[in-house]
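Worksheet: one structure, shown below.
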Amino acid sequence: MTNTPSDQPLKQVNQRGAARLAAVQALYQMEVGGTGVLEIVAEFEAHRLGQELDGETYLKADASWFRSIVSGVVRDQRKLDPLIGYALQDDWALSRLDSTVRAILRAGTFELLERRDVPVPVIVTEYVEIAKAFFEDEEPKLVNAVLDRIAKQIRGEQRT
């Protein structure tokens, strides 16, 4: 007997995880499309978070967590990018990374800096999982390594 998706119990939606994914999508859209922070937050809150759009149902997300990440990354980008650049391998520049990877690393780094109430393993794992949703191999490993290095640098700890 094989298990089909309908045979599996539904997993409770992690609203912070959904907010993190939405934040990465919003940051990507801002970078690629040049959309402003107020416009993108309003769009996501009105049409995406927990809503249906173009036949896709978006997960219910913690809207305040989403806003905090998006606005915090935009506000602190000049502080975040050097931390990420320092944690990358010597021959890699942040500008060489895929836009989605940049968005993931910026959001993760923001949380490591600003959300000290959230344990490092939770933050790193959540953003590695987001990377896995978009990429198959090297990118999730890169996200893991870079966020681990940043966590060690700014919090004095690594994911265990």
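Residue-wise test of (1) open to solvent by less than 60 Å² (accessible area, probe 1.4 Å); (2) part of a helix (DSSP H, G or I); (3) at pLDDT 80 or above.
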residue: 3; (1), (2), (3): no, no, no
residue: 17; (1), (2), (3): yes, yes, yes
residue: 20; (1), (2), (3): yes, yes, yes
residue: 27; (1), (2), (3): yes, yes, yes
residue: 43; (1), (2), (3): yes, yes, no
residue: 49; (1), (2), (3): yes, no, no
residue: 64; (1), (2), (3): no, yes, yes
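Is it true that residue 31 is surrounded by 13 or more Cβ atoms within 10 Å (Cβ to Cβ), in a helix (DSSP H, G or I) and at pLDDT below 75? Taking the combined requirement at face value, the residue does not satisfy it. Annotation note: Cβ proximity below 6 Å between a residue of the range 76-98 that is within 15 Å of residue 112 (Cβ to Cβ) and a residue that is assigned to a helix (DSSP H, G or I) and open to solvent by 40 Å² or more (accessible area, probe 1.4 Å) (sequence gap 6+ or interchain) occurs for 87/149.
The values are calculated or read from the model by the stated rules, or taken from the named source; none is laboratory data. Every value quoted in this text rests on a predicted model; they were computed, and no experiment measured them. Positions of Cβ are backbone-derived with ideal geometry, glycine not excepted, and every protein chain shown enters the neighbour counts. The area values use the complete protein model at the heavy-atom level, side chains included, leaving out ligands, DNA and RNA. Shrake-Rupley method; radii C 1.70, N 1.55, O 1.52, S 1.80 Å.
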